[in-house]
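The values are calculated or read from the model by the stated rules, or taken from the named source; none is laboratory data. Because the structure is a prediction, the values reported are computed rather than measured. Neighbour counts are summed over all protein chains in view; Cβ atoms, including those assigned to glycine, are modelled from backbone coordinates with ideal geometry. Calculation scope for accessible area: heavy atoms of the full protein, side chains included, ligands and nucleic acids excluded. Shrake-Rupley method; radii C 1.70, N 1.55, O 1.52, S 1.80 Å.
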Amino acid sequence: MIKIINTIKEMQSYSNSAHKDGKTVGFVPTMGYLHEGHLSLVKASKNKSNLTVVSVFVNPTQFGPNEDFNKYPRDFEKDKALLEEEGVDVIFYPESKEIYPEHFQTYVEVTEIQKKHEGEFRPTHFKGVATIVSILFNIVKPDFAFFGQKDAQQVSLLKQMVRDLKFEINIIVCPIIREESGLAKSSRNIYLSDEEKQKALLLYNSLNMAKQMIEQGERKSSNIIKKMNQNFLAEKKIHLNYIRIVEENTFQEPEQLEKGKSYFILIACKIGTTRLIDNLLFSI
């Protein structure tokens, strides 16, 4: 039977007892409305940890003023059933006031990474992410924390935070889970109409085109990005935010791709009212 914990005190007590018993705790932080991508992280945690904790908390501090916090999809009973089926030990399901009590005023910022790429379009987003994840790490006290590669910049930011703040936690990154069409799984895909889902395949198709260019020997970032941009120019219903090629760890943008290094190709766009991101990790 899955255990549901709503308070910080009980969650910390549970983890402290687990560690005293010599057990490892795996942690999957989520905002709920779970899909196969989340469940792949759960499976990874189950394989590596003695106990698995999943948090379900729609974090208000990572949404900008005109973003979709109030309409973000929520279905706790469905989430609970899925997690029970996966054999999760605990769902940490706090209320907002438990995490952010009155007079809360402390935030975590990873100053360089949070400014770039996603940070240009969502300037307060990563401050909210770093803050909530550091709070959850202090509450759940995991040995391992599992994140998906789809949020590549977020993962890089959290790895930096863990290094800088000396958290004794191993960050484990799991591959992107895609629909049969190639569209990256996302809780926000529910907002897309069938027509918009078809248009969204342009993200995945453009990433594959870029990969093919690199495999054929192209090493100049601007040439790859220019070719990808041309894919989007003809599609009036997609508003492209950015296409970037960045080094895997620093998220710096190289002019020339170098042998022996790994890179992400990042895409972010809006289709209708829905914002989507995707990426591809590759090595030269």
**OP:** Check segment 212-284 and count each lysine pair with an alpha-carbon distance under 25 angstrom, considering only pairs eight or more places apart or from different chains.
**Re:** 14
**OP:** Would you tell me the accessible area of LYS226, worked out with a 1.4 angstrom probe on the heavy atoms of the protein chains, in Å² to the nearest 10?
**Re:** 130
Original post:
Which value, in debye to the nearest 20, gives the size of the charge dipole of segment 119-184 about its Cα centre, when Lys and Arg are +1 and Asp and Glu are -1 at the Cβ?
Top reply: 200
Original post:
Using a 1.4 Å probe, how large is the accessible area of VAL133, given in Å² and rounded to the nearest 10?
Top reply: 10
Subject >> Dipole of segment 169-284, positive end: most advanced residue of ILE224, SER283, GLN212 [Cβ charges, Cα centre] >> reply: ILE224
Original post:
Relative contact order of the chain: what whole-number percent is it, with Cα pairs under 8 angstrom and at least 6 residues apart?
Top reply: 17
Original post:
Per residue, how much accessible area does the chain have with a 1.4 Å probe, in Å²?
Top reply: 50
**OP:** Return the percentage of antiparallel bridges among DSSP beta bridges fully within the chain, rounded to the nearest 5 %.
**Re:** 50
Original post:
If the cut-off is a Cα-Cα distance under 13 Å, which aspartates and glutamates reach LYS116, setting aside same-chain residues fewer than 8 apart in sequence?
Top reply: GLU247, GLU253
Subject >> Percent accessible area from carbon and sulfur atoms, the chain, protein chains only, probe 1.4 Å >> reply: 47
Original post:
To the nearest 10 degrees, how steeply does helix 36-48 sit against the main Cα axis of the chain, on a 0 to 90 scale?
Top reply: 60
Subject >> For the chain, built as a Gaussian network whose Cα springs stay under 10 Å, the top-fluctuating residue of PRO29, PRO73, PRO101 >> reply: PRO101
Original post:
Which order do GLU86, GLU255 take when ranked by solvent-accessible area (1.4 Å probe, heavy atoms of all protein chains), largest first?
Top reply: GLU255, GLU86
Original post:
Just how much of HIS239 is accessible, in Å², when a 1.4 Å probe is used and the result is rounded to the nearest 10?
Top reply: 120
Subject >> Helix-derived mean residue ellipticity, 222 nm - over the chain, DSSP H n ≥ 4, -39500 (n - 2.57), to 500 >> reply: -12000 deg cm²/dmol
Original post:
Rounded, prolate or oblate: which fits segment 151-284, taking a ≥ b ≥ c as square roots of the Cα gyration tensor eigenvalues, rounded meaning a/c under 1.5, else prolate when a/b beats b/c?
Top reply: oblate
